[in-house]
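J.: Right, I'll just put the structure down here and ask away after.
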Amino acid sequence: MITTDIAKAIEALRRDKVIAIPTETVYGLAGNAFSEKALKKIYELKNRPRFNPLIVHVKDAGMLPAIVQEIPPVAEKLAAAFWPGPLTLVLKKQPTVSDIITASLDTVAVRVPNHPLTLALLDRIDFPLAAPSANPFGAVSPTSAQHVYQYFDDLIEVILDGGECQRGVESTIIGFENGEPVLLRHGAIMIEEIEKVAGKIKTAIHQHGSSPLAPGMLPRHYAPAIPTYLTDDVPSLLKQFEGKKAGLLLFSRRLPEAPHLIQEILSPQGDLNEAAHNLYAALLRLEQCHPDIIIAERVPDTGLGRTINDRLQRAATVL
Ligand code: TXA
Ligand code: MG
């Protein structure tokens, strides 16, 4: 059921059920972080491998000591600067945090989501929520309650409807090595913003072909069901695939020479925030047109553009 009624969500969570919650990034598939039954159900619903850990969502930074053991000073600064908001911190876990959440690591990922409905929900329950993105494993993340419903139908009792996600891409994930911050996943907060607070940050995101550093950061992820290609030069790729029914994901301009093709424009203004906001909804619309292939145009590789290109790269087949 799609609803805006928090009471229904609370009631389902208290029965160890998994619900969908809105956040400013993407929708999450949430359960009581202290309920083994709910945690197992999350993996089962998503068909997610157990080596891929979940993020714990808390109502404010005051909840941190219940979840993590050590908070490096720079982590505290980052939390103060960006919470509530799309920043996830990976810190040493308390023994009480379930191995199901962390995939048996000794660290746990935590964030305070910035969405009024979900903050109100977190305020009224006395447990944190474990929540991955609300898509089946490997599928495009959902940015509306309707997307979640299309994926899971009535398998989820309550889908809390908070409208379209404002940011549209997942949180930025920062881990720590000897107290120094390390970027584990590009996300909704651009790295330049993080560096203003934390100073220069190392990147530990694996490049293509190497092994994943953040568990779950697989090279192929966020994958549309249709073969997808990422390119700087859409017209040449189109020539290469002549005869195929292509769907185009373009940054700011339509391709006038291909009026017969389905074209999704991420931001007519050429604004990377708007492009991020529209990214997953546009990919999902393209999928629903059932083209033979999707050709995505690389966006400018600065700021949020890096996050968008990262997601498109993971969606794309290597040429
Ligand atoms: O914006 C978001 O972060 C959304 C919303 C729902 O909050 N959630 C989200 O969750 O993107 P998910 O499960 O799709 O991605 C969580 C990722 C994992 O794939 C993994 O890369 C990383 O978080 N992660 C979780 N725990 C970790 C840990 N202990 N060490 C390193 N990475 C971890
Ligand atoms: Mg995900």
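J.: For residue 8 and residue 69 in the same chain, what is the full-extension length gain: residue separation times 0.36 nm, less their Cα-Cα distance, in nm? Walk me through the numbers on the way to the answer.
T.: On the way: separation 61, 0.36 × 61 = 21.96 nm, distance 3.31 nm.
Full extension of this stretch gives 18.7 nm more.
J.: Kindly put 295, 42 in sequence by how many other C-beta atoms sit within 10 Å of each C-beta, fewest to most.
T.: On the way: 295 28, 42 21.
Fewest-to-most Cβ neighbours within 10 Å comes out as 42, 295.
J.: For residue 2, what residues show an amide H to amide H distance below 5 Å, using hydrogens built from the backbone and excluding near sequence neighbours?
T.: Here the answer is 159, since their amide H atoms fall under 5 Å of that of residue 2.
J.: Now for a separate question. If I build a Gaussian network model for the chain, linking alpha-carbon pairs within less than 10 angstrom, which residue out of 285, 50, 306 has the largest mean-square fluctuation?
T.: 285
J.: Now, a different point. Could you tell me the calculated FRET efficiency between residue 120 and residue 240, based on Cβ-Cβ distance and R0 = 51 angstrom, to the nearest 0.05?
T.: On the way: r = 51 Å, r/R0 = 1.00.
Computed FRET efficiency for residue 120 and residue 240 comes out at 0.50.
J.: Continuing with this model, one more query. Name the residue from 147, 179, 168 whose Cα lies farthest towards the positive end of the charge dipole of segment 116-201, charges +1 on Cβ of Lys and Arg and -1 on Cβ of Asp and Glu.
T.: Projecting each Cα onto the dipole axis, the largest value belongs to 179.
J.: Right, another one. At a Cα cut-off below 24 Å, give the lysines reachable from residue 77, other chains included and same-chain residues fewer than 8 away excluded.
T.: Correct list for residue 77: 59, 92, 93, 196, 200, 202.
J.: For segment 131-141, what does the Karplus curve 6.51 cos²θ - 1.76 cosθ + 1.60, with θ = phi - 60°, yield as ³J(HN,Hα) per residue in whole Hz, taken in order and with x for Gly and Pro?
T.: Listing the rounded values in order: 8, x, 5, 8, 10, x, 3, x, 8, 5, 5 Hz.
J.: Once the Cβ-Cβ distance between residue 261 and residue 150 is put in as r, and R0 is 22 Å, what FRET efficiency do you end up with, to the nearest 0.05? Spell out each step's value before the answer.
T.: Values: r = 24 Å, r/R0 = 1.08.
It comes out at approximately 0.40.
J.: Of the candidates 308, 159, 100, which one comes out as most mobile in a Gaussian network treatment of the chain with C-alpha springs shorter than 10 Å?
T.: 100
J.: Same structure, new question: Quote the convex hull volume per residue of the chain, based on C-alpha atoms, as a whole number of Å³. Show your work: numbers first, answer last.
T.: Details: hull volume 39.4 nm³, N = 319.
Cα-based convex hull of the chain, divided per residue, equals 123 Å³.
J.: Taking Rh as the Kirkwood radius, which is the inverse of the mean 1/r over Cα pairs, what is the Rg/Rh value for segment 94-143? Don't skip to the end; give the middle numbers.
T.: Working: Rg = 13.1 Å, Rh = 13.1 Å.
Answer for segment 94-143: 1.00.
J.: For the chain, set up a GNM with springs between Cα atoms under 10 Å and report which of 143, 307, 231 has the largest fluctuation.
T.: Highest fluctuation among the options: 231.
J.: While we're on this one: How do 191, 19 line up, fewest other C-beta atoms within 10 Å first? Working shown, then result.
T.: Values: 191 20, 19 27.
So the residues, fewest neighbours to most, are 191, 19.
J.: Nearest 20 debye, what's the magnitude of the dipole of segment 42-83 about its Cα centre given +1 on Lys and Arg Cβ and -1 on Asp and Glu Cβ?
T.: Values: 5 positive and 4 negative charges, 45 e Å.
Approximately 220 debye in magnitude.
J.: Could you size up the charge dipole of the chain around its Cα centre, putting +1 on the beta carbon of Lys and Arg and -1 on that of Asp and Glu, and report it in debye to the nearest 20?
T.: Working: 32 positive and 36 negative charges, 98 e Å.
Value, rounded to 20: 480 debye.
J.: Determine, for each peptide in 145-154, 2-11, the mean count of other beta carbons within 10 angstrom over its residues, then list the peptides with the highest first.
T.: 145-154, 2-11
J.: Considering the options 299, 102, 255, tell which one lies farthest towards the positive end of the dipole of the chain, charges being +1 on Lys and Arg and -1 on Asp and Glu at the Cβ, about the Cα centre.
T.: Positive-most Cα among the choices belongs to 102.
J.: Turning to a different aspect of this structure: Between residue 271 and residue 225, what length in nm is gained on full extension when 0.36 nm per residue of separation is reduced by their alpha carbon distance?
T.: On the way: separation 46, 0.36 × 46 = 16.56 nm, distance 2.70 nm.
Difference between extended and current length: 13.9 nm.
J.: A further question on this structure: On full extension of the chain, what length is gained from residue 193 through residue 105, given 0.36 nm per residue of separation minus the C-alpha to C-alpha distance? Mind dumping the intermediate values first?
T.: Numbers: separation 88, 0.36 × 88 = 31.68 nm, distance 2.83 nm.
Gain on stretching residue 193 to residue 105: 28.9 nm.
J.: Taking a quarter of the surface of the convex hull around the Cα atoms of segment 1-117, what do you get in nm²? Could the numbers behind the result be given before it?
T.: Details: hull surface 29.0 nm².
So the Cα hull casts an average projection of 7.2 nm².
J.: Between segment 1-65 and segment 135-204, what's the alpha-carbon centroid distance in Å?
T.: 14 Å
Read-outs throughout are calculated quantities, based only on the coordinates presented, and are distinct from any laboratory measurement. All values derive from a computational prediction rather than experimental measurement. We place every Cβ from the backbone using ideal geometry, glycine too, and count neighbours over all the protein chains shown.
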